Amino acid sequence: MSFDSLGLQADLLRAVATQRYARPTPIQLQAIPEILAGHDLLAGAQTGTGKTAAFVLPLLQRLSEKGHPQRHPRALILTPTRELAAQVGERVHAYGLHLPLRSAIVFGGVGMQPQVNQLQRGVDVLIATPGRLLDHAGRRTVDLSRVEILVLDEADRMLDMGFIHDIRRIIQLLPERRQNLLFSATYSDDIRRLADGLLKRPKLIEVARRNTAAETVVQAAHPVDKARKRDLLAHLFRREGWHQVLVFTRTKAGANRLVEHLGREGITAAAIHGNKSQSARTRALDDFKRGSVRALVATDIAARGLDIVDLPQVVNFELPNVAEDYVHRIGRTGRAGAGGKALSLVSHDERGLLQGIQRLLRREIALDPVVGFEPSLVPPESEPDRSLGGRRDSRGPSRPARKPAAAAASPAGKRPWRGGDRRGRGATP
Ligand code: AMP
């Protein structure tokens, strides 16, 4: 099947040809005709499946067919993070290169005025994070009453990040009659409730079951005492000669501390998480993509949606509390069929989390010790959390290890995308 057979107009096909995509991905094959036909959509697809083109291409076509550019946005794409907004905005620009449609991106952490100026000049496609969009709506610098198509991209992440009230407020500002497209990597009760209230007779599409990334990525795990994780990571950087590694920590503070430690070990590193300013996040990502920073240390939410071409290696410095997040993390590498590697450093208290991940993936991830970093034979009852900056107390019992939320947090349920819901996550990402 080629792009030509999907019903897309010549101007869009020209733009797609520039991208050198050989053929549509499964989500594109399924979603594009449905969106062109005007249906609402509930689509289960992760980043890396080509989902952005799956909604951007037909969205641009419908706007260009249905009339001339107007001052107020006719399509609204909501994303959970600034990075994803920027990436989607860049795709809208690339695919719409030969169409007379204007797009704008609005997100927080940067000045309002340039966004206001751009909105005033007129925008057909608006890509926005919810909070900043509501700021604009409150100041009446954007009018959402002409929106014909609403896209919720990575809706599950938006709910995880607590945007549900913002989303509901935004929906109230939209006209009743419109096309709604909801994309979510996972499927929880919250997503179902949102979809039920939002979508009218939606077409259901599901691609890339939650364990597909796991099938293209070579996975390994090293058992190690928690207190030695940082040293093991630095050792691996040297031994493997790694130049571009995305490292996941559970917390923002943990990410910062790890960056400092790697720096002391002579390994260039930058952190990317929600406490960083937008310019710091953009700089860190650019440096990492350019190769001037060898380690990008990220929390789950910050890393979501990052599209780094040919990322060779992901390291789970800590396992995520929710097994599905492991799949998202390792999905950062091995994209579009390219080979990738994912390595997890597993301390004794994380064994339960590893079991939960193995259950979800239905495969074993062998624990292979690194010479010189073998874990203590008798695990301490509660390992001191030195890897995250905790202090070893030599006089008294060490503080209790964080209780593993463990496998039970994410049973491999029978629902199409995911079983559990995310309430009860341990640390703030
Ligand atoms: P997405 O899932 O939208 O984040 O897209 C992931 C990556 O796949 C992006 O780098 C896209 O440029 C790329 N991509 C999108 N569609 C295709 C396609 N049909 N063939 C190859 N790569 C694609």
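Packing-based ranking of 2-10, 71-79 yields 71-79, 2-10, ordered from highest to lowest mean Cβ neighbour count within 10 Å.
Here the gap between Ile308 and Glu90, fully extended at 0.36 nm per residue and compared with their Cα-Cα distance, gives a gain of 77.1 nm.
Direction-averaged projected area, Cα convex hull, segment 29-126: 6.5 nm², rounded to one decimal.
The alpha carbons of segment 3-206 give a radius of gyration and a Dmax of 15.6, 45 Å, in that order.
By the rule of a C-alpha distance below 27 Å, with chain neighbours fewer than 8 residues away ignored, the lysines paired with Lys289 are Lys51, Lys229, Lys252, Lys276, Lys341. Between segment 65-117 and segment 1-61, the alpha-carbon centres lie 18 Å apart. On segment 1-129, 52 percent of the accessible area sits on carbon and sulfur atoms, based on a 1.4 Å probe. Extension gain for the segment Arg14 to Arg192, taken as residue separation times 0.36 nm less the Cα-Cα distance, is 60.4 nm to one decimal. Give the residues of segment 47-75 whose amide nitrogen is closer than 20 Å to a point set 7 Å from the Cα of Met112 in the direction of its Cβ. Only 72-73 pass the distance filter. Kirkwood radius, segment 75-171, all distinct C-alpha pairs, inverse of mean reciprocal distance: 13.4 Å. The trypsin sites (Lys or Arg not before Pro) found in segment 1-67 that occupy coil by DSSP, while having at most 13 further C-beta atoms within 10 Å, are Arg20, Lys66.
The values are calculated or read from the model by the stated rules, or taken from the named source; none is laboratory data. Given the structure is predicted, the values throughout are model-derived calculations rather than measurements. Backbone-built Cβ (ideal geometry, glycine too); neighbour counts: all protein chains shown. Ligands, DNA and RNA are stripped out before the accessible areas are found, and what is left, the full protein with its side chains, is counted by its heavy atoms. Shrake-Rupley method; radii C 1.70, N 1.55, O 1.52, S 1.80 Å.
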